[in-house]
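Report on the structure given below.
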Amino acid sequence: MAKLLKLNVEVVTFRKKFTPIYVYYKEGEEEPIPIYCDNSERSDMQEIYKVLKNMIFVLSFHPKHSALRSVRNEVIRFS
């Protein structure tokens, strides 16, 4: 999804194996905002995509995250 929206991606791995996957949105030096966690459950890729799309869309209306405003139409189009 980040590639489609032309957003930067950073993957952080740990030495120990962690089952949950966490996705955060971060703009500049602000604190990252958690937008997804799978809680070690087997999630359907479509469901994960839907959750991420909805969270990005909602964040795009917040004045603090103006960078997402430009991708709002793209998020809607990828439905």
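The values are calculated or read from the model by the stated rules, or taken from the named source; none is laboratory data. None of these values were measured; they are calculated from a predicted model. Here the Cβ is made from the backbone with ideal geometry for all residues, glycine too, and neighbour counts use every protein chain on show.
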So, first residue at positive phi in the range 56-77, second residue surrounded by 13 or more Cβ atoms within 10 Å (Cβ to Cβ) and part of a helix (DSSP H, G or I), Cβ within less than 6 Å, six or more apart or across chains; the pairs are none
Can you tell me which residues in the range 1-25 are exposed (fewer than 12 other Cβ atoms within 10 Å of the Cβ), within 18 Å of Phe57 (Cα to Cα) and at pLDDT 75 or above?
Asn8, Val9
If a residue must be modelled with pLDDT of 85 or more, part of a loop (DSSP other than H, G, I, E, B) and surrounded by 15 or more Cβ atoms within 10 Å (Cβ to Cβ), how many such residues does the range 37-79 contain?
1
